[in-house]
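**Student:** Structure below; questions to follow.
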Amino acid sequence: DGWIWLDGEMVPWREAKVHVLTHTLHYGLGVFEGVRAYKTEKGPAIFKLEEHTKRLFESAHIMGMKIPYDAATLNQAQIDVVKNNGLDSAYLRPLCFYGSEGMGIRADCLATHVMIAAWEWGAYLGEDNLKNGIRIRVSSYTRHQVNSLMCKAKATGNYINSMLALQEAVNDGYDEALILDASGYVMEGSGENFFLIKDGVIYTPDLTSVLNGITRKTIFTFTKELGIPIVEKRITRDEVYIADEAFFTGTAAEVTPIREVDNRTIGSGTRGPITEKLQTMYFDQVHGRRAD
Ligand code: PLP
């Protein structure tokens, strides 16, 4: 139950439906965002709302999709969805998808529809794992060509790679996957950016083939404040194995420590001290307990 914003109107949750000939359902091209609202003293606050909406428009632009609303309208719609559903905290999912008025691969002649849903969502990778860290494996599904070079778009089609990688990892008893590029360099998780810490320096893959994460960007502001050096570079698999600490970041995963990669213990095998510090800063910021 609840309300979903669909093409400019608040629609009851059960009535927010699409036709089976919806183009995006057949060919998989749509663009979306993952956004969170957190409980603060002043009520629910959507973290980095404008940045998420901006990325939604950039994703659409990359994919040649036209969004028939402006950013201000979609920002307000997200605020309204949280409010109308009476949520204190929420995960929000804006999605732009092509209509059902024509089949065939060509999509730029079709209408673009926009929907925004919100629901309560706890720790994406598990509450306990935020404290103790997750176990991950390097995925056998490397990221190739279009997916790799077009990954600034948070587009549904790009998630085939992520879905196969996550499915494989979970089926093998791990919590998440670590995806490599075609040359074998570390990219990201199925829905998270990756960081490692070695000898007091933080390393993260440069943005060539990973999503420009909004949580990732927030981590950069923290490390600057703390005076911890951070280096963007190509990272190899063996560098991950001998890291002192490692963690994932994402709107859904927040700051999740990694305690094991490919059955090798990372550092002390639990959440490391720098990871813990950054995680605390993150939760303080999203809950409005520190300046934005
Ligand atoms: N990488 C991928 C592939 C993602 O889907 C996400 C999730 O949005 C991220 C990284 C993290 O990005 P953000 O911190 O903006 O949520």
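**Student:** Hey, what D do you get for the range 58-177 in µm²/s if you plug the Kirkwood alpha-carbon radius into Stokes-Einstein at 20 °C and 1.002 mPa s?
**Tutor:** After rounding, the answer is 124 µm²/s.
**Student:** Oh, and also: Given Cα pairs under 8 Å that are at least 6 residues apart, what percent is the relative contact order of the range 125-250? Show your work: numbers first, answer last.
**Tutor:** Numbers: 209 pairs, mean separation 31.9, N = 126.
So the answer I get is 25 percent.
**Student:** In whole Å, largest first, what are the principal axis extents of the Cα atoms in the range 181-244?
**Tutor:** Principal-axis extents of the range 181-244 (Cα, largest first): 35, 26, 16 Å.
**Student:** Sort out for me the Cα centre separation of the range 31-110 from the range 261-275, rounded to whole Å.
**Tutor:** 35
**Student:** Please give the helix 214-226 orientation as an angle from the longest Cα principal axis of the chain, in degrees from 0 to 90, rounded to the nearest 10.
**Tutor:** Result, in degrees: 40.
**Student:** Let's test the formula: R0 of 22 Å, r as the Cβ-Cβ distance of Q167 and E127. What FRET efficiency results, to the nearest 0.05? Let's see the in-between values first.
**Tutor:** Working: r = 23 Å, r/R0 = 1.03.
Efficiency computed from Cβ-Cβ geometry: 0.45.
**Student:** Another one. What does a probe at C109 reach in the range 1-28, counting residues whose amide N is under 19 Å from the point 7 Å along Cα→Cβ?
**Tutor:** Inside the label zone: 21-28.
**Student:** Say each of F283 and E15 gets a label point 7 Å from the Cα, pointing the same way as Cα to Cβ; how far apart are those two points in nm?
**Tutor:** Those two pseudo-labels are separated by 4.1 nm.
**Student:** Once label points are set 7 Å from the Cα along Cα→Cβ at both E276 and S140, what is their separation, rounded to one decimal in nm?
**Tutor:** That separation, rounded to one decimal, is 3.8 nm.
**Student:** Measure nothing fancy, just the Cα-based angle from helix 273-286's long axis to the longest principal axis of the chain, in degrees from 0 to 90, nearest 10.
**Tutor:** Value to nearest ten degrees: 30.
**Student:** In 10 Å bins starting at zero, report the fraction of Cα pairs in the range 3-119 per bin as a rounded %.
**Tutor:** For the range 3-119, the binned pair fractions read 14, 45, 31, 8, 1, 0 percent.
**Student:** Next up: Once you treat every alpha carbon in the range 127-286 as an equal point and sum by Debye, what is log10 I(q)/I(0) at q = 0.13, 0.19 Å⁻¹?
**Tutor:** -0.53, -1.21
**Student:** While we're looking at this one, here's another question. For the chain, what does the helix formula give at 222 nm: sum of -39500 (n - 2.57) over DSSP H segments with n ≥ 4, over the residue count, nearest 500 deg cm²/dmol? Could the numbers behind the result be given before it?
**Tutor:** Working: 9 runs with 89 residues, N = 292.
Rounded to the nearest 500, the figure is -9000 deg cm²/dmol.
**Student:** Hey, with R₀ at 25 Å, roughly what FRET efficiency would I79 and R290 work out to, going by the Cβ-Cβ distance, to 0.05?
**Tutor:** Working: r = 22 Å, r/R0 = 0.87.
Approximately 0.70, to the nearest 0.05.
**Student:** A follow-up question, please. What percentages, rounded to whole numbers, describe P(r) for the chain computed over all alpha carbon pairs with 5 Å bin width beginning at zero?
**Tutor:** 1, 5, 12, 15, 17, 17, 14, 10, 6, 3, 1, 0
**Student:** Round to the nearest 10 and give me the degree value, 0 to 90, for the angle of helix 49-62's Cα axis relative to the longest principal axis of the chain.
**Tutor:** Result, in degrees: 70.
**Student:** On to the next question. May I ask for log10 I(q)/I(0) of the range 107-162 at q = 0.14, 0.20, 0.24, 0.29 Å⁻¹, from a Debye sum over the Cα atoms as equal point scatterers with solvent left out?
**Tutor:** Taking Cα atoms of the range 107-162 as identical point scatterers yields -0.72, -1.04, -1.06, -1.09.
Laboratory data are not the source of any read-out in this text; all were calculated from the coordinates shown. Quick caveat: nothing in here was measured; it's all calculated off a predicted structure. Neighbour counts are summed over all protein chains in view; Cβ atoms, including those assigned to glycine, are modelled from backbone coordinates with ideal geometry.
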